[in-house]
């Protein structure tokens with residue numbers, strides 16, 4: 001019997017594992033390094049989970065539990081507290097858990113390791129290094145899992161979807177958000193969410209945080225325009241980066257835009273037998289998008305287990321201001337899926353899909369906003385010549 | 001003791017008593033109180049002060065080690081480039097040159113036994129133009145004057161074979177095969193732990209405020225009571241001149257030299273095999289690229305004289321200048337994520353050498369001006385100071401029994417608990433990874449919280465275990481790591497996070 005190892009028990013990994021069992025993929029083992037499966041939704045208290053994948057509206061923790069339950073019912077083996085420490089690409093992984101050090105050999109591996117927010121250091125914010133600096137991830141765990149108060153006056157760096165979630169978490173913990181900060185001219189979430197979540201929190205647009213001050217605890221920050229803002233807490237939100245350590249260590253081809261492994265519409269990476277899905281390949285989308293992406297890899301994994309074939313792909317490239325597309329390759333032997341794409345700066349115009357100088361499709365692309373994905377409909381990719389050169393996306 | 005070999009000795013020590021003060025009392029006599037008069041008080045628990053304490057702990061002496069901070073090694077010791085220097089570029093004939101060379105020998109010999117991670121990489125001093133290439137012979141000659149004769153000139157083609165990711169335009173290099181990496185966190189902790197295990201009394205959060213003499217002994221006033229002692233050793237680092245002033249001396253001023261550094265993601269480690277040094281100029285040693293024992297790559301330092309001894313901020317300009325220099329040295333480095341940035345203050349004095357003075361008549365020793373070479377030289381400085389104390393009349397009688405300790409390994413060059421099947425089998429907590437980026441297990445965090453010099457803060461825990469030190473900077477693990485430390489040390493999460 002074949003065995004598929006899924007690395008990461010968040011929405012993408014669990015949804016893929018459930019679908020694999022439905023397709024009769026044999027042993028499906030999910031390796032989850034935390035104490036419980038479910039991924040980031042475990043500590044997202046706000047509602048709105050499950051709409052597109054489970055056709056119901058759940059809070060994050062309930063959504064996470066629901067997926068873990070569905071996976072168990074489907075016969076998926078979930079190994080929690082099991083961290084993958086080494087990977088002999090393609091399909092042998094080394095793990096550490098309280099049970100010991102183990103090596104698992106699989107027929108196929110699905111990477112679903114998710115993404116994280118860039119912390120302060122990665123953003124090169126200067127100044128001193130006091131306590132009181134968080135990411136939304138650490139903030140939510142402290143507030144929702146540990147019921148901890150984190151501070152009194154917080155600056156929220158970022159004004160994308162997750163930033164508003166951070167504002168709500170702060171409010172729930174009794175901490176006032178003194179301002180939100182974005183380098184873009186406006187916030188990047190939906191107007192109603194901004195209105196409900198921010199409720200009077202000023203959004204300082206077109207500026208950046210350059211330094212943090214305070215010895216023991218944050219006392220103030222300096223902005224790019226020289227302004228000094230008093231606060232005792234700074235929350236760095238968004239600015240996602242895929243958790244691509246395993247993908248990199250396995251020498252998979254990495255997409256320059258997403259910084260995750262290059263994948264086609266079946267989640268196939270550059271290494272036969274290795275698949276990737278979820279926010280590892282599109283950091284970061286809502287949980288249901290990640291879950292549906294995971295689910296969509298199951299058919300390709302099952303096909304690979306049966307045939308051991310690894311189809312050729314054409315690359316999907318993008319020109320500024322498009323930052324990335326996901327997937328970023330297209331295999332000729334199956335129907336295309338919708339592509340997600342993102343831009344670096346607010347843009348308006350027409351999205352042009354070309355191959356070898358031939359225009360395949362034009363789609364109106366109005367009100368493009370950074371940190372918010374749009375879709376290229378699958379039909380625009382149907383005319384792609386699977387033996388041709390790279391497909392190119394641009395905004396005209 | 002089920003914790004395995006690495007912490008065996010530490011556990012033995014803990015069985016002998018609880019707090020360091022009680023340990024000290026026990027080792028002097030079975031049930032006596034702490035002495036009314038200490039033999040030696042060491043001011044400053046950085047890498048120099050702790051090394052001196054450890055050296056003195058071999059003798060039947062009542063030694064107290066005080067520091068104003070809440071942990072050992074929190075000043076200059078924790079923020080440097082973490083290089084185990086050969087002393088090849090020291091000024092020949094200086095005390096610093098001699099002690100760095102001897103310190104290198106001593107750390108190589110004793111570091112492994114103490115559990116201090118040392119990784120053998122060697123360094124390449126890279127010449128980026130013809131003028132620098134011409135200067136390499138002079139660097140080699142200076143190294144030889146310092147007794148270091150194993151440098152070797154490396155031509156450009158070989159250099160690029162050794163370091164294929166080096167930026168274009170390098171002319172030649174000088175190989176310094178013994179310039180290695182050392183862990184700056186474990187080193188003072190190892191010294192202090194072994195000192196405490198052998199009776200030294202460690203008093204943290206104890207700031208020296210004044211001194212006087214009464215009945216032939218020093219009375220050292222601190223915010224936490226007076227200490228009566230026959231000898232005082234001043235190893236106060238950035239404040240060595242202040243302490244020196246309390247003893248009536250005014251012979252040097254510490255002028256902190258700020259050095260900013262950028263730590264790159266472990267995924268950058270494959271880009272560089274050696275420490276890449278610049279050719280020193282008259283004004284600065286320049287910016288280097290070095291691997292770390294933790295598997296990161298560090299870029300820095302800047303060199304800026306500052307007045308404020310607490311000015312450990314990084315600056316926008318400093319970080320930008322480092323990235324620009326890094327781009328020339330190792331272009332691909334700039335494509336990798338930055339994990340953290342930090343600033344160290346070197347205790348420069350304007351003098352070309354260490355400021356070590358013995359005053360046997362006053363029973364006072366000043367160990368000042370120990371710059372960035374102090375990590376390497378620490379054991380040799382300690383040896384030198386203790387010889388001076390002996391020559392000055394301090395009676396040194398060896399202890400009948402010396403307790404050896406071994407710190408838990410933090411380095412990538414040796415096996416860590418998460419990869420050690422036998423240790424996990426003996427104690428499953430070593431298989432429970434809590435900090436995923438750095439692969440730190442629950443067992444290590446609990447050990448650090450219960451060590452003889454315990455982790456009491458998140459920063460202290462980082463230096464002892466690496467928890468929270470990695471690329472996510474707590475995105476995944478802060479809540480769990482902080483909760484573990486809070487419950488293991490009986491503090492609240494709010495205290496650890498300094499929540500207002």
Among B:228, B:153, which is in contact with a helix residue (DSSP H, G or I) (Cβ under 9 Å, 6 or more places away or on another chain) and part of a strand (DSSP E or B)? B:153
Single residue of the stretch A:203-229 satisfying the filter (in contact with a strand residue (DSSP E or B) (Cβ under 6 Å, 6 or more places away or on another chain) and farther than 20 Å from residue B:312 by Cα) that is farthest from the other protein chains (Cβ to nearest Cβ): A:203
Condition set crowded, with 23+ Cβ neighbours inside 10 Å and at the interface with chain B (Cβ under 7 Å from one of its Cβ atoms), scope the stretch A:98-120, selection nearest to residue A:293 (Cα to Cα): answer is A:116
Can you pull out the residues in the stretch A:86-97 that are buried (at least 19 other Cβ atoms within 10 Å of the Cβ) and part of a strand (DSSP E or B)? A:87, A:93, A:95, A:96, A:97
Name the residue that is nearest to the other protein chains (Cβ to nearest Cβ), counting only residues in the stretch B:292-325 that are on the phi < 0 side of the Ramachandran plot and assigned to a strand (DSSP E or B). B:314
Considering only residues that are crowded, with 21+ Cβ neighbours inside 10 Å and out of contact with any strand residue (DSSP E or B) (no Cβ under 7 Å at 6 or more places or on another chain), look in the stretch B:421-445 and name the one that is farthest from residue B:481 (Cα to Cα). B:423
Hits in the stretch B:470-485 - residues which are part of a helix (DSSP H, G or I) and either within 11 Å of chain A (Cβ to nearest Cβ) or surrounded by fewer than 22 Cβ atoms within 10 Å (Cβ to Cβ) (or both): B:478, B:479, B:480, B:481, B:482, B:483, B:484
Of residues in the stretch B:22-47 being within 19 Å of residue B:405 (Cβ to Cβ) and in contact with a strand residue (DSSP E or B) (Cβ under 6 Å, 6 or more places away or on another chain), the one modelled with the lowest pLDDT: B:24
Within the stretch A:73-97, the residues that are within 8 Å of chain B (Cβ to nearest Cβ) and in contact with a strand residue (DSSP E or B) (Cβ under 6 Å, 6 or more places away or on another chain) are A:81, A:83, A:85, A:96
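Per-residue answers, yes or no, for (1) modelled with pLDDT of 95 or more; (2) part of a strand (DSSP E or B); (3) over 28 Å from residue A:242 (Cα atoms):
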position: A:304; (1), (2), (3): yes, no, no
position: A:310; (1), (2), (3): yes, no, no
position: A:330; (1), (2), (3): yes, yes, no
position: A:353; (1), (2), (3): yes, yes, no
position: A:359; (1), (2), (3): yes, yes, yes
position: A:365; (1), (2), (3): no, yes, no
Could you please find all residues in the stretch A:18-49 being in contact with a strand residue (DSSP E or B) (Cβ under 7 Å, 6 or more places away or on another chain) and under 22 Å from residue A:86 (Cβ atoms)? A:27, A:28, A:29, A:30, A:31, A:32, A:33, A:37
Mind listing just one residue for me: the one in the stretch A:165-174 that is assigned to a helix (DSSP H, G or I) and without any contact (Cβ under 8 Å) to a residue 60 or more places away in the chain and, of those, surrounded by the most Cβ atoms within 10 Å (Cβ to Cβ)? A:167
Can you tell me which residue in the stretch A:122-164 is nearest to residue A:43 (Cα to Cα), limited to those that are more than 9 Å from chain B (Cβ to nearest Cβ) and part of a loop (DSSP other than H, G, I, E, B)? A:147
For residue B:262, work out the one condition from (1) crowded, with 22+ Cβ neighbours inside 10 Å; (2) more than 25 Å from residue B:465 (Cβ to Cβ); (3) within 12 Å of chain A (Cβ to nearest Cβ) it doesn't fulfil. (2)
Would you point out which residue out of B:199, B:169 is touching a residue at least 24 places away in the same chain (Cβ under 8 Å), surrounded by 20 or more Cβ atoms within 10 Å (Cβ to Cβ) and in a loop (DSSP other than H, G, I, E, B)? B:199
With (1) surrounded by 23 or more Cβ atoms within 10 Å (Cβ to Cβ); (2) not in a strand (DSSP E or B) as the list, and residue A:68 as the residue in question, which single condition is left unmet? (1)
Find the residue count for the stretch B:387-402, including only residues that are crowded, with 19+ Cβ neighbours inside 10 Å and either more than 14 Å from residue B:39 (Cβ to Cβ) or under 20 Å from the mean Cα position of the chain (by Cα) (or both). 0
So, in the stretch A:3-33, exactly how many residues are in a loop (DSSP other than H, G, I, E, B) and surrounded by 21 or more Cβ atoms within 10 Å (Cβ to Cβ)? 6
Looking only at the stretch B:487-500, count every residue that is under 21 Å from residue A:136 (Cα atoms) and more than 9 Å from chain A (Cβ to nearest Cβ) and tell me the total. 1
In this structure, does residue B:350 turn out to be on the phi > 0 side of the Ramachandran plot and either in contact with a strand residue (DSSP E or B) (Cβ under 9 Å, 6 or more places away or on another chain) or within 14 Å of chain A (Cβ to nearest Cβ) (or both)? no
Could you check, for the stretch A:259-278, whether at least one of its residues is out of contact with any strand residue (DSSP E or B) (no Cβ under 7 Å at 6 or more places or on another chain), at pLDDT 95 or above and under 27 Å from residue A:136 (Cβ atoms)? yes
Taking only the stretch B:442-469 into account, find how many residues are within 21 Å of residue B:267 (Cα to Cα) and at the interface with another protein chain (Cβ under 10 Å from one of its Cβ atoms). 1
Checking residue B:434 against (1) outside any loop (DSSP other than H, G, I, E, B); (2) over 17 Å from residue B:294 (Cβ atoms), which test does it fail? (2)
Report yes if some residue within the stretch B:270-291 is within 14 Å of chain A (Cβ to nearest Cβ), under 23 Å from residue B:182 (Cα atoms) and touching a residue at least 24 places away in the same chain (Cβ under 8 Å); otherwise report no. yes
Subset of the stretch B:406-420 [closer than 30 Å to residue B:198 by Cα, in contact with a strand residue (DSSP E or B) (Cβ under 9 Å, 6 or more places away or on another chain) and within 12 Å of another protein chain (Cβ to nearest Cβ)]: B:416, B:417, B:420
For the structure I just gave you, tell me whether residue A:27 is over 19 Å from residue A:147 (Cα atoms) and touching a helix residue (DSSP H, G or I) at 6+ places or on another chain (Cβ under 7 Å). no
Check the stretch B:376-385 and report whether any residue there is touching a strand residue (DSSP E or B) at 6+ places or on another chain (Cβ under 8 Å) and in a loop (DSSP other than H, G, I, E, B). no
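The values are calculated or read from the model by the stated rules, or taken from the named source; none is laboratory data. These numbers come from a predicted model, not from an experiment. Using ideal geometry, Cβ is built from the backbone for each residue, glycine included, and neighbour counts are taken over all protein chains shown.
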